[in-house]
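Working notes, beginning with the structure itself.
The values are calculated or read from the model by the stated rules, or taken from the named source; none is laboratory data. Since the model is a prediction, treat every value here as computed from it, not as a measurement. Glycine also receives a Cβ, built like all others from the backbone with ideal geometry; neighbour counts cover every protein chain displayed. Remember, those area values only see protein heavy atoms, side chains included, never the ligands or the DNA or RNA. Shrake-Rupley method; radii C 1.70, N 1.55, O 1.52, S 1.80 Å.
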Amino acid sequence: MSRIVYVNGEFVAEENAKVSVFDRGFLFADAVYEVSTVLQGNLVDNNAHLRRLSRSLSELEMAPPCSDQEITDAQHKLLELNGLEEGLIYLQVSRGVADRDFGYPAGMQSSLVMFTQTKNILNNPIADTGIKVITVEDIRWKRRDIKTVGLLAPNMAKHEAKQKGAHDAWLVEDGFITEGTSNNAYIVTNGKQIITRQLGHEILSGITRTAVLKFAETAGYTVQERAFTVQEALEAQEAFITSASLFVMPVVNIDGTDIGDGKPGTVAKNLRKIYIEQAMDRRDL
Ligand code: PDD
């Protein structure tokens with residue numbers, strides 16, 4: 001069945017939606033995006049996603065396409081038109097349309113595109129078994145804190161993972177894990193210590209990461225925000241990832257080596273449970 005998608009103020013059937021070939025998102029990946037989760041027809045932590053969108057736009061000196069309230073209203077209308085109860089809503093802002101030139105004119109009108117995806121978020125069967133990852137060199141650009149659509153490097157890493165029978169890849173720079181292809185990466189040591197890369201230009205500041213670290217501290221875990229090596233990950237008791245679409249997902253094998261006993265760990269399972277409870281309870285985490 002065809003979806004209704006949103007393009008610059010219009011709600012249209014996906015087969016009728018049109019974006020110019022001169023859109024700078026298409027020509028130069030001159031665009032940023034957000035993915036918010038939908039549970040029981042409600043957006044999860046969407047205000048935090050909109051705040052990060054604003055930051056991405058300002059880092060690139062790109063004009064907001066409209067107000068946050070207008071975006072939120074359009075998101076809700078899109079959910080309603082598509083009858084989406086559980087899944088994702090993707091939104092992308094590009095700098096807009098101009099004849100192809102590396103330098104862009106001043107005063108461009110940004111464009112906004114949104115669509116929904118149905119997805120099994122709560123009862124994702126992979127959460128019961130956990131995922132396998134491989135490590136791949138992180139060849140992305142140096143401003144990974146900006147959520148741009150320039151995603152070829154992580155696409156290639158994920159493709160390599162799939163070819164090797166894994167679900168995903170953890171990206172490695174100078175011997176240290178930065179993050180997953182589209183998620184933040186964590187290890188657990190000494191029973192209750194959670195380690196994840198500190199924020200900076202090297203990784204995306206995950207909205208799920210912020211919420212999960214807060215919940216982890218409340219639940220009595222200690223959190224260390226620092227870079228960790230591949231070797232530390234291989235020797236960890238547990239590993240997991242977080243993202244809007246996966247929440248907390250256990251990692252049970254890295255580069256063919258089982259982590260712990262090769263089954264989802266108790267910390268990851270507990271954090272997943274807490275995150276789901278909180279997300280069902282409140283719209284902002
Ligand atoms: N990806 N790191 C990277 C590189 C990401 O692309 C993402 C999100 C995250 C996690 O961020 P959040 O918790 O805000 O989802 C970390 C989205 C889900 C995607 O590209 O589909």
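Can you tell me which residue is most open to solvent (accessible area, probe 1.4 Å) among those in the stretch 70-101 that are part of a loop (DSSP other than H, G, I, E, B) and within 15 Å of Asp23 (Cβ to Cβ)?
The qualifying residue most open to solvent (accessible area, probe 1.4 Å) is Arg100.
Which members of the stretch 56-69 meet the condition of being touching a residue at least 60 places away in the same chain (Cβ under 8 Å) and open to solvent by 50 Å² or more (accessible area, probe 1.4 Å)?
Matches in the stretch 56-69: Glu59 only.
Are there strands (runs of 3 or more DSSP E) fully within the stretch 144-261 with at least 2 residues that are over 26 Å from Ala279 (Cα atoms) and away from the ligand (no atom under 16 Å from the Cβ)? List them.
Details: elements: 168-173, 176-180, 184-189, 193-196, 222-225, 238-243, 247-254.
In the stretch 144-261, 247-254 are the strands (runs of 3 or more DSSP E) which contain 2 or more residues that are over 26 Å from Ala279 (Cα atoms) and away from the ligand (no atom under 16 Å from the Cβ).
What number of residues in the stretch 36-69 are assigned to a loop (DSSP other than H, G, I, E, B), out of contact with any Ser or Thr (no Cβ under 7 Å at 6 or more places or on another chain) and hydrophobic (A, V, I, L, M, F, W, C)?
2
Considering only residues that are open to solvent by less than 30 Å² (accessible area, probe 1.4 Å), away from the ligand (no atom under 11 Å from the Cβ) and either farther than 23 Å from Glu61 by Cβ or at pLDDT below 95 (or both), which ones fall in the stretch 24-45?
Result: Val38, Leu39, Gly41, Leu43.
Here's the yes/no breakdown for (1) at pLDDT 95 or above; (2) not polar (S, T, N, Q):
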{"site": "Leu78", "(1), (2)": "yes, yes"}
{"site": "Asn82", "(1), (2)": "yes, no"}
{"site": "Gln92", "(1), (2)": "yes, no"}
{"site": "Ala106", "(1), (2)": "no, yes"}
{"site": "Val113", "(1), (2)": "yes, yes"}
{"site": "Asn120", "(1), (2)": "yes, no"}
{"site": "Ala127", "(1), (2)": "yes, yes"}
{"site": "Val136", "(1), (2)": "yes, yes"}
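Quick one: in the stretch 112-143, of everything that is touching a Phe, Trp or Tyr at 6+ places or on another chain (Cβ under 6 Å) and over 22 Å from Ile89 (Cα atoms), which residue is nearest to the ligand (Cβ to nearest atom)?
Among those residues, the one meeting the criterion is Val133.
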